[in-house]
Amino acid sequence: MKIRATLAVLAIGALSLTACRTQASSGVSTDNPEFKIMVGGIEKVIYLPAKLTEQLGYFTEAGVKVQLLTEPAGATAENSLVSGDVHGVVGFYDHTIDLQAKGKCITSVVQFADVPGEAEVVATAKADAVKGPADFKGRKLGFTSPGSSTDFLTQYLATKAGVSTSDYTGVKAGSGQTFVAAVDNGAIDAGMTTDPTIATLVSTGKAKVLLDMRTVEGTKAALGGLYPASSLYMDCNFVQQHKEAVRKLAGAFVKTLAFINSHSAAEIAEKMPADFAGGNKDLYIKSINDSKGMFNSDGKMKADGAKNVLEVLSQFSPAVKPKKDQIDLSKTYTTEFVTNP
């Protein structure tokens with residue numbers, strides 16, 4: 001009898017937790033919507049639109065309340081969405097394809113960038129020996145975390161150059177000062193990172209840029225085409241059930257993209273919280289200037305870019321490779337909310 005009673009209590013508790021999670025992930029009204037959004041590293045320039053939209057007051061103007069949360073890596077941010085803890089993620093578009101291959105429908109509703117905004121950097125002391133992905137063999141390569149987009153791209157670059165993922169050592173190096181420390185102490189020989197980390201490493205002479213994917217030209221050279229990256233992605237069912245609320249949110253981000261494209265790096269930096277500069281405002285302005293070209297002005301996905309992301313992932317991903325022909329790209333992004341925000 002006691003066992004049955006205990007099981008009943010546990011069952012009720014589980015149902016309560018499920019109800020709370022469902023409420024957290026779908027309880028958004030149309031009239032006064034409130035969103036929880038996880039950012040895969042809120043201080044990274046690649047995700048600049050998230051905090052900048054808040055700073056500019058565009059969320060309020062659009063009639064939405066947004067709580068911005070942050071995790072250091074895109075893979076961790078993705079998990080928060082899948083578990084129902086947040087309504088959306090500001091992270092890389094490639095996660096929507098990876099998750100569809102794993103049976104989950106996630107869609108990008110605003111596409112911030114057509115290129116990754118990342119660079120493969122090499123420690124200055126190793127620059128003469130590591131001149132390209134073909135030299136990755138036997139090296140320690142840093143990325144944000146396993147399963148992150150920096151990990152994805154590192155695997156692709158190695159595979160494309162004929163280097164197996166088992167031929168190099170992948171190192172979870174994080175971002176910011178954690179990544180810089182990994183270069184300093186020799187934990188990594190090279191690695192994939194973003195601004196302002198890139199600017200910090202290059203300006204101090206600690207590392208050099210090996211492959212620059214902050215520009216269209218550099219991205220096409222490294223990845224064979226555009227690679228739409230930074231975006232706002234959400235659960236497909238959630239989007240269908242809350243179209244008007246999502247439209248308001250998307251409109252705020254599109255307005256921010258227009259601001260980025262019409263203002264200088266210095267003007268943008270001026271709008272950001274002072275601590276984002278890390279005590280070096282000039283370097284922060286430089287990092288924004290070096291990366292701001294990655295952002296589009298309208299939030300729309302370029303169809304050929306989405307196709308290239310699938311092509312890249314299918315070259316190495318154990319999840320995507322066997323299901324390439326089954327992936328429905330039309331479910332991984334939508335332009336509905338940015339065409340008529």
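Here is how the numbers come out for the structure above:
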{"quantity": "Total residues in region 82-118, condition of a type in the set (Asp, Glu) and either open to solvent by less than 10 Å² (accessible area, probe 1.4 Å) or outside any loop (DSSP other than H, G, I, E, B) (or both)", "calculated": "3"}
{"quantity": "Residue, most open to solvent (accessible area, probe 1.4 Å), within region 198-227, restricted to residues that are more than 22 Å from ASP128 (Cβ to Cβ) and without any contact (Cβ under 8 Å) to a residue 60 or more places away in the chain", "calculated": "GLU217"}
{"quantity": "Inter-residue pairs, beta-carbon under 6 Å, first in contact (Cβ under 8 Å) with a residue 24 or more places away in the chain and in region 254-273, second surrounded by fewer than 18 Cβ atoms within 10 Å (Cβ to Cβ) and among the β-branched types (Val, Ile, Thr), 6+ apart", "calculated": "none"}
{"quantity": "Residues (touching a Pro at 6+ places or on another chain (Cβ under 7 Å) and not in a helix (DSSP H, G or I)) located in region 279-294", "calculated": "none"}
{"quantity": "From SER297, SER317, residue being buried (at least 17 other Cβ atoms within 10 Å of the Cβ) and not in a helix (DSSP H, G or I)", "calculated": "SER317"}
{"quantity": "Pairs where the first residue, in region 282-297, is over 16 Å from PRO49 (Cβ atoms) and the second is of a type in the set (D, E, K, R), C-beta under 7 Å, 6+ apart", "calculated": "ASP290/ASP195; ASP290/ARG214"}
{"quantity": "Members of region 237-250 that are open to solvent by 20 Å² or more (accessible area, probe 1.4 Å) and either of a type outside the set (Asp, Glu) or over 30 Å from VAL28 (Cβ atoms) (or both)", "calculated": "ASN237, GLN240, GLN241, HIS242, LYS243, ARG247, LYS248"}
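So that you can scan it fast, the table gives a plain yes or no per residue for (1) in contact with a helix residue (DSSP H, G or I) (Cβ under 8 Å, 6 or more places away or on another chain); (2) of a type in the set (A, V, I, L, M, F, W, C):
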| position | (1), (2) |
| --- | --- |
| VAL171 | yes, yes |
| SER175 | yes, no |
| ALA182 | no, yes |
| ASP195 | yes, no |
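The values are calculated or read from the model by the stated rules, or taken from the named source; none is laboratory data. Owing to the predicted nature of the structure, the values given are computational and were not obtained by experimental measurement. Glycine also receives a Cβ, built like all others from the backbone with ideal geometry; neighbour counts cover every protein chain displayed. Ligands, DNA and RNA are stripped out before the accessible areas are found, and what is left, the full protein with its side chains, is counted by its heavy atoms. Shrake-Rupley method; radii C 1.70, N 1.55, O 1.52, S 1.80 Å.
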